[in-house]
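These notes concern the structure reproduced below.
The values are calculated or read from the model by the stated rules, or taken from the named source; none is laboratory data. Only a predicted model underlies this, so the values are computations on that prediction, with no experimental measurement involved. Counting neighbours? That spans all protein chains shown, and the Cβs are built from the backbone with ideal geometry, glycine included. Accessible surface areas use protein heavy atoms only, side chains included; no ligands, DNA or RNA. Shrake-Rupley method; radii C 1.70, N 1.55, O 1.52, S 1.80 Å.
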Protein chains: 2
Amino acid sequence: MTTIKKIAECTHVSAATVSNVLNGKGGASEAKAREILETAQRMHYTPNLLAKRLKNQQSNTIGIITEDLTVFNTPEIVDGVDAACEAMGMEIILGNMRLYKRYHNDFTDTQKHQQLLDKMVEHMLSHQVEGIVYVGYHCRKLVYLPTRITVPIIYAYCYPKGQKYPAVIYDDENAAYNLTTLMIQKGHQKIGAICGPLDSFHTLERLKGYQRALFENGILFNPGLVQYGDWTRSSGVAAAEVLIQTGVTAVFAFNDEMACGVYEYCARHTLKIGTDISVAGFDNRDVSADCTPSLTTVNLPLEEIGQTCTRLLTEAIGEKPVDTEITRLPCTLLERESIGPCPNPAK
Amino acid sequence: MTTIKKIAECTHVSAATVSNVLNGKGGASEAKAREILETAQRMHYTPNLLAKRLKNQQSNTIGIITEDLTVFNTPEIVDGVDAACEAMGMEIILGNMRLYKRYHNDFTDTQKHQQLLDKMVEHMLSHQVEGIVYVGYHCRKLVYLPTRITVPIIYAYCYPKGQKYPAVIYDDENAAYNLTTLMIQKGHQKIGAICGPLDSFHTLERLKGYQRALFENGILFNPGLVQYGDWTRSSGVAAAEVLIQTGVTAVFAFNDEMACGVYEYCARHTLKIGTDISVAGFDNRDVSADCTPSLTTVNLPLEEIGQTCTRLLTEAIGEKPVDTEITRLPCTLLERESIGPCPNPAK
DNA sequence: GTGAAAGCGCTAACAG
DNA sequence: CTGTTAGCGCTTTCAC
């Protein structure tokens with residue numbers, strides 16, 4: 001381990017001078033400075049961040065707590081936080097609770113979660129983090145919150161009960177509204193919807209957007225055109241079966257997997273997607289770009305969520321007044337091939 | 001910030017004693033000890049890890065460098081490393097190079113990569129990591145390696161040129177061999193293969209496994225039954241078209257996406273998968289479980305790769321003799337519904 | 001049992 | 001321009 005002290009010895013100056021030079025603080029003769037720099041290089045000096053931070057009393061680090069890193073949305077969000085941090089010279093430390101792997105969708109054992117979370121927060125605090133980003137693995141109201149936290153925290157892809165802390169999620173409703181509007185613009189009037197479960201936040205929001213688009217275009221909302229799936233492909237197939245028999249010309253599946261189910265149904269019944277029937281999904285999962293015809297879907301601003309969190313967090317760290325609002329980031333419509341004009345525009 | 005010193009003041013003992021008690025080192029009267037513990041609790045004492053580690057001269061931390069966190073295999077591997085570390089009281093720090101996002105599949109700009117990597121390693125070293133896991137985003141021979149590294153390093157999902165360092169990958173060949181063997185056991189003799197590009201490590205290995213299975217079962221290898229795709233669904237459709245016309249009864253797609261392409265082709269031509277024709281994929285992507293019929297595929301031991309890396313790394317850190325072998329972890333065959341008996345077992 | 005002292009690597013304030 | 005000193009929070013001898 002090459003230390004400042006060793007360099008000082010070799011160059012016959014004091015540690016302070018070496019420190020100054022290495023940090024570009026000037027205060028050394030041209031010659032000495034060069035000698036020090038060269039020696040540092042030659043001896044492969046690597047500053048010890050632990051010591052530096054201990055001394056400076058600031059870690060320049062924020063903590064990311066993820067509910068589960070292996071769930072599809074999480075890596076992108078972490079990536080966003082990471083990128084933003086890099087850009088502003090901050091660092092991250094990652095704490096993965098592995099909630100999904102441990103408990104799947106069982107969110108009833110609040111106590112266990114609470115315990116895990118508190119341990120995680122404590123751990124982050126031990127690392128002297130200056131703020132924390134909490135990344136949920138699906139959008140929902142969190143019922144457990146850190147018991148004791150001494151730094152700013154911000155929630156991504158979920159939002160805390162009671163709105164005591166800021167949160168960044170995406171705008172489900174407008175995305176669904178835009179997508180439905182696009183279908184209407186293409187001449188579709190009988191548009192089926194394949195929702196997720198009714199108790200899902202996403203279902204509710206997307207349904208609202210769908211309904212608003214219909215309303216604003218003077219189309220009667222027909223509850224018979226709404227089916228409820230469970231986000232799986234097979235539930236999409238089942239819903240498609242029902243919907244297509246009602247004579248819909250377009251189907252809006254609330255996620256890409258269920259949209260694939262619609263594809264499957266159509267393939268079986270030799271309905272040509274984009275011609276005989278239009279289909280849209282949601283989430284922009286890998287498969288949506290790969291299927292044929294490519295699936296029109298909604299891209300989630302995951303990376304932006306991460307970046308926005310970082311920005312808000314650093315503002316909060318900088319003692320700016322924190323507002324505890326929920327920020328909703330817009331999604332982008334990915335118009336691809338699966339939505340075509342209505343085959344029989346005459347109503 | 002509650003420090004040991006403050007606790008010492010409050011309890012009228014020295015910092016040394018507080019330290020001893022807090023670390024369960026004994027050397028204090030029952031009464032004093034209890035008082036100290038209580039005070040620490042009450043004042044929400046959180047140990048400062050920076051100071052602790054600086055003093056102890058060991059960080060208990062390993063660094064994970066990922067080529068790109070957002071590529072499908074990476075989070076699982078990171079999760080595996082993380083889990084293993086947690087189990088042995090180690091910590092991780094994550095450094096994401098974002099190679100895929102920055103350059104996509106362009107690995108020609110070696111210099112840039114080299115620079116990024118060196119910066120990353122330097123950064124990790126600054127954090128006093130005791131070892132490094134490098135997570136590639138696809139299996140290949142790495143042409144750039146850290147210029148200077150002073151701690152053990154181990155490669156996951158890729159392997160370094162010249163084999164100077166240990167690596168952990170998975171066993172493509174045996175997985176393909178097992179899968180092909182399964183098809184043969186079900187009576188299939190004309191088995192088509194849809195490979196990835198010929199210059200891919202995965203293609204080569206899997207092809208070897210496929211060929212070995214044929215050979216061991218006395219089936220002539222017919223090059224006409226091998227098609228080359230580019231891992232995308234649409235290339236799977238195209239390959240299926242060719243293969244199925246040759247009269248194959250089973251198709252082994254070298255990834256799930258291309259297998260989905262086969263599904264699509266079959267749906268269009270009303271071929272029933274698992275009955276009229278058997279299909280298998282590789283990778284166990286989400287879609288494979290969701291499609292109908294569910295796709296028989298190969299599960300990649302991603303988490304195990306992470307765990308194995310951690311184990312090997314900690315051994316290396318413990319000064320155990322390091323061997324620089326490539327460890328190949330077995331994949332598991334996920335037998336689902338898409339492979340059925342051969343429709344006309346008479347050859 | 002308990003505490004004083006020294007020091008991990010680094011920086012900041014101040015003196016020369 | 002350069003060095004001395006002190007100290008960040010913690011632990012570890014080694015005396016008492």
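What are the residues in the stretch B:1-46 that are of a type outside the set (A, V, I, L, M), more than 8 Å from DNA strand D (Cβ to nearest atom) and without any contact (Cβ under 8 Å) to a residue 12 or more places away in the chain, if any?
Once the filter is applied, which keeps residues that are of a type outside the set (A, V, I, L, M), more than 8 Å from DNA strand D (Cβ to nearest atom) and without any contact (Cβ under 8 Å) to a residue 12 or more places away in the chain, the stretch B:1-46 yields B:E9, B:H12, B:G24, B:G26, B:S29, B:E30, B:R34, B:E38, B:Q41, B:R42.
For the stretch B:119-169, how many residues are among the charged types (D, E, K, R) and part of a loop (DSSP other than H, G, I, E, B)?
4
What about B:C266, is it open to solvent by less than 40 Å² (accessible area, probe 1.4 Å) and either within 14 Å of another protein chain (Cβ to nearest Cβ) or among the aromatic types (F, W, Y) (or both)?
Spelling it out, B:C266 is indeed open to solvent by less than 40 Å² (accessible area, probe 1.4 Å) and either within 14 Å of another protein chain (Cβ to nearest Cβ) or among the aromatic types (F, W, Y) (or both).
Scan A:R98, A:R34, A:R102 and give me the residue that is at pLDDT below 95, in contact with a strand residue (DSSP E or B) (Cβ under 9 Å, 6 or more places away or on another chain) and away from DNA strand C (no atom under 16 Å from the Cβ).
Just one listed residue meets the conditions, A:R98.
Just for helices (runs of 4 or more DSSP H) wholly inside the stretch B:245-347: which have at least 1 residues that are within 26 Å of A:S234 (Cα to Cα) and touching a Cys at 6+ places or on another chain (Cβ under 9 Å)?
Filter on the stretch B:245-347 gives B:256-268, B:286-290.
Criterion first (under 25 Å from A:S59 (Cα atoms), more than 14 Å from DNA strand C (Cβ to nearest atom) and open to solvent by less than 80 Å² (accessible area, probe 1.4 Å)) does B:L22 satisfy it?
Considered against the rule, which asks whether it is under 25 Å from A:S59 (Cα atoms), more than 14 Å from DNA strand C (Cβ to nearest atom) and open to solvent by less than 80 Å² (accessible area, probe 1.4 Å), B:L22 comes out as no.
Looking for whichever is more than 20 Å from the chain's Cα centre (by Cα) and at pLDDT below 90 here; the options are A:P293, A:P341. Which one fits?
Testing whether each residue is more than 20 Å from the chain's Cα centre (by Cα) and at pLDDT below 90 leaves just A:P293.
Please find, within the stretch A:235-263, the residue that is nearest to the other protein chains (Cβ to nearest Cβ) out of those that are under 16 Å from A:F282 (Cβ atoms) and among the β-branched types (V, I, T).
A:V262
Being within 12 Å of another protein chain (Cβ to nearest Cβ) and farther than 24 Å from B:K164 by Cα, is that true of even one residue in the stretch B:103-110?
no
Please find, within the stretch A:156-172, the residue that is surrounded by the most Cβ atoms within 10 Å (Cβ to Cβ) out of those that are free of Cβ contacts under 8 Å to residues at least 24 places away in the same chain and not small (G, A, S).
A:P160
Can you say whether A:S59 is more than 30 Å from B:P75 (Cα to Cα), among the hydroxyl-bearing types (S, T, Y) and either within 15 Å of DNA strand C (Cβ to nearest atom) or not assigned by TED's automatic domain parsing to the domain that holds A:V121 (or both), as far as the supplied structure shows?
Taking the combined requirement at face value, the residue does not satisfy it.
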